[in-house]
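The block underneath contains the structure these notes are about, expressed in structure tokens.
The values are calculated or read from the model by the stated rules, or taken from the named source; none is laboratory data. As the structure is a prediction and not an experimental result, all values here were calculated from the model. Don't worry about glycine lacking a Cβ; one is built from the backbone with ideal geometry, like all the others, and counts go over all protein chains shown.
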Amino acid sequence: MHPVWVVLIGFLVGTIGGFTGIGGGIIIVPALLLLGFSSQKAVGTSFLCVLLLSVSALFAHFRLENIDYKMGFFGHRCNYWRTDRGEDYRVGAY
């Protein structure tokens, strides 16, 4: 595929994702399929994009001191305890 198409589709995916707040499997994977990627490679590439964006956001929030470590640790422990006991903590589950 011609590099101009790659740039245009990337710009379109980024614009739609930025304005709507969605991406990943909804926008990126179909765009990669349109570019000729196999389905496995498109999903893997999408996962890599999400990973890189998540790590970047983590560092930005760390720098801005927006992370509550006590709550993060406590929340993780509570979820682990509930999952370990087999409790169903979905909304509306009885």
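On inspection, Ile67 does not qualify as at pLDDT 70 or above, surrounded by 10 or more Cβ atoms within 10 Å (Cβ to Cβ) and under 30 Å from Trp5 (Cβ atoms).
All of Arg90, Arg85 fail the test of being surrounded by fewer than 11 Cβ atoms within 10 Å (Cβ to Cβ), within 22 Å of the chain's Cα centre (by Cα) and at pLDDT below 85, apart from Arg90. Within the set Leu32, Leu53, Leu48, Leu12, the sole residue that is under 12 Å from the mean Cα position of the chain (by Cα) and at pLDDT 85 or above turns out to be Leu48.
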